[in-house]
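We did not get these values from a lab; they are worked out from the coordinates using the rules stated. In this text, all values refer to a predicted model and were calculated from it rather than measured experimentally. A quick note on method: Cβ atoms are made from the backbone with ideal geometry, for glycine too, and the neighbour counts reach across all protein chains shown.
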Amino acid sequence: MKAILNNKWMLPVILALMTLLTSALLMFSHEMTVDKIAAIKSENKLASLKKLLPANLIDNDLIADAIDIEEPVLLGHRHSEKLYLGKKNGQITVMGIPVTAQNGYSGDIDLLVGVLSNGQITAVEIINHKETPGLGDLIESRKSDWLLQFPNKSLNEPTTNQWLVKKDRGHFDQITAATITPRAVVGAIKKALLYHQTWLSANAEAFKP
Amino acid sequence: MSEFIRTRLLDNNAALVQMLGLCPLLAVSNTAINALGMGIATISVVVVTNFLVSLIRPITKKEIRIPLFVLLIASVVTALEMMMNAYFHELYLVLGIFIPLIVTNCLIMARAEAYASKNAWWLSIKDGFFVGLGFALVMFAIGLMRELIGQGTLFTQAHLLFGEWGHHIELTLLKNYSGFLIAVLPPGAFFALAILVAIKNKRDIKKSQDR
């Protein structure tokens, strides 16, 4: 056995065997976990949708009724995103608007903004970001309550030109030692609200009460 | 403290003396809790990989040992990450972001090459644990320094690691502190590490003079 192992022709064989073994391990663990991970992901998505779109305003299937939109200019999208429509008795009551802030500190920040039909925000969720841990990532709701200043706000309250962080003479708190991230997020939420207005007037006919 | 442990924790500390794994050490040490999370993740990974590298000793030949280790470490860590994501999702949310970073930690390669590939599996596990611990302690110290100087707080976001009671150990030591940004940003990590290395070297010099 020892003699065979020491043969120089064995080296590639050992490597090949090991590659086979580790690939098998990876395939096996992928196979074992892929469904579970997908389930957790969609569960998390539903949970965050529930926060944005209050259950008492909705009687439709959010996932099935979502429509694909791609608005590189208005919402900063880089690829098509899902626009969620919450309806009650066939009327749109609340929308979950996906918006991407391309001006974050490092990389894009993906948000989902829940907006009632009167233009008020229900809640804002950060879907994805790569901001500095300990600084910019305080926009995450599980890390600080910074995002909690947005519910119930609209383009009237504060007024449109007040949709800035305080450092830019606007209405909203920034985060100490991180201005760029909150600036980007506030700007993105404003974009979502503006989009909501245009979308509603453009689609007013289709969803008339 | 036995010689075995002291070498690994102090005299030949992976971070302070060997300067291994600087990338995660400097990148993820901006708060004490981040550092602690990364430290725990590093310890667990280096223990597992040391064990496995030790197990494949019979087929590890000098010429192909590096690709073998890389193959083994990368795939085991990836598998661990997937398992964690699926079955310990809460833990994954906390440590998950650190795991892919760990694969690149040369501390792990160094221990595989220098120790685990030459020693029995129980010794390799012990070695992995104490080397990892030495690394984690330095990382935690840097995290404490950077968080205190940079933000005037300690253990913010502890609930991410310890659950709800973590809120009780979150401290704000300096009230109305405006922050010292450079300590939180990457340069702060280099300064903090330099201070620790200087203290360690001072101690070493003093020790050799006493002798």
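Of note:
- Region B:131-144 - phi-based ³J(HN,Hα) in whole Hz, Karplus 6.51/-1.76/1.60, Gly and Pro as x: 5, x, 5, x, 5, 5, 5, 5, 4, 5, 4, 5, x, 4
- Efficiency of FRET from Cβ geometry, residue B:27 and residue B:61, R₀ 30 Å, rounded to 0.05: 0.30
- Phi angles across region B:6-20 convert, under the Karplus curve 6.51 cos²θ - 1.76 cosθ + 1.60 with θ = phi - 60°, into 3J(HN,Hα) values of 5, 4, 6, 7, 10, 4, 10, 3, 4, 8, 7, 9, 7, 6, 9 Hz, Gly and Pro given as x.
- Dipole check for region B:46-140: with +1 at the C-beta of Lys and Arg, -1 at the C-beta of Asp and Glu, and the Cα centre as origin, the magnitude is about 420 Debye.
- Lys, Arg +1 and Asp, Glu -1 on Cβ, resulting dipole of region A:2-49 about Cα centre, debye, nearest 20: 220 debye
- Considering only chain A, percent of DSSP beta bridges that pair antiparallel, nearest 5: 95 percent
- Cα-based radius of gyration for region B:3-210, normalised by 2.2 N^0.38 Å, reads 1.09.
- Cα-based helix-to-principal-axis angle, A:10-52 vs chain A, degrees rounded to 10: 20 degrees
- Each part gets one Cα centre, and for region A:130-209 versus region A:76-98 those centres are 17 Å apart.
- Each stretch of four or more DSSP H residues adds -39500 (n - 2.57); spread over every residue of chain B, this sum gives -21000 deg cm²/dmol at 222 nm.
- Sequence of B:211, B:8, B:57, A:78 once ranked by neighbouring C-beta atoms within 10 Å, starting from the fewest: B:211, A:78, B:57, B:8
- Counting neighbouring Cβ atoms within 10 Å and putting the fewest first, the residues A:31, A:125 line up as A:31, A:125.
- Given R0 = 22 Å, the distance between the Cβ atoms of residue A:40 and residue B:164 translates into a calculated FRET efficiency of 0.55.
- Computing FRET efficiency as 1/(1 + (r/R0)^6) for residue A:168 and residue A:73, where r is the C-beta to C-beta distance and R0 is 22 Å, gives about 0.50.
- Dimensions of the protein assembly as shown along the principal axes, based on C-alpha atoms and rounded to the nearest Å, stand at 84, 54, 36, largest first.
- A P(r) calculated from all alpha carbon pairs of region B:137-211, with 10 Å bins opening at zero, reads 19, 36, 28, 13, 4, 0 percent.
- Dimensions of region B:42-135 along the principal axes, based on C-alpha atoms and rounded to the nearest Å, stand at 39, 25, 20, largest first.
- Directionally averaged shadow of region A:54-202, computed from the convex hull of its alpha-carbon atoms, nm²: 8.7 nm²
- Order of A:117, B:117 under a 10 Å beta carbon neighbour criterion, fewest first: A:117, B:117
- Among beta bridges from DSSP that stay inside the protein assembly as shown, the antiparallel ones total about 95%.
- Put the Cα centre of region A:29-59 next to the Cα centre of region B:31-90 and the gap is 30 Å.
- Between B:111, B:65, B:146, the GNM of chain B built on Cα springs shorter than 10 angstrom shows B:65 fluctuating the most.
- Candidate aspartates and glutamates - alpha carbon under 15 Å from residue B:62, same-chain residues fewer than 8 apart omitted: B:113
- Against chain B, whose longest principal axis is taken from its Cα atoms, helix B:186-210 shows a tilt of about 70°.
- Helix A:180-202 axis, angle to chain A major axis (alpha carbon atoms, nearest 10°): 60 degrees
- Taking a straight Cα-Cα cut-off under 18 Å and skipping sequence neighbours fewer than 8 places away in the same chain, the aspartates and glutamates within cross-link reach of residue A:88 are A:59, A:61, A:65, A:205.
- Cα-based reach from residue A:191 at 23 Å (exclusive), listing lysines while leaving out same-chain residues under 8 positions away: A:45, A:50, A:51, A:82, A:87, A:130, A:153, A:166, A:167
- Cβ charges +1 (Lys, Arg) and -1 (Asp, Glu), total dipole of region A:124-209, debye: 180 debye
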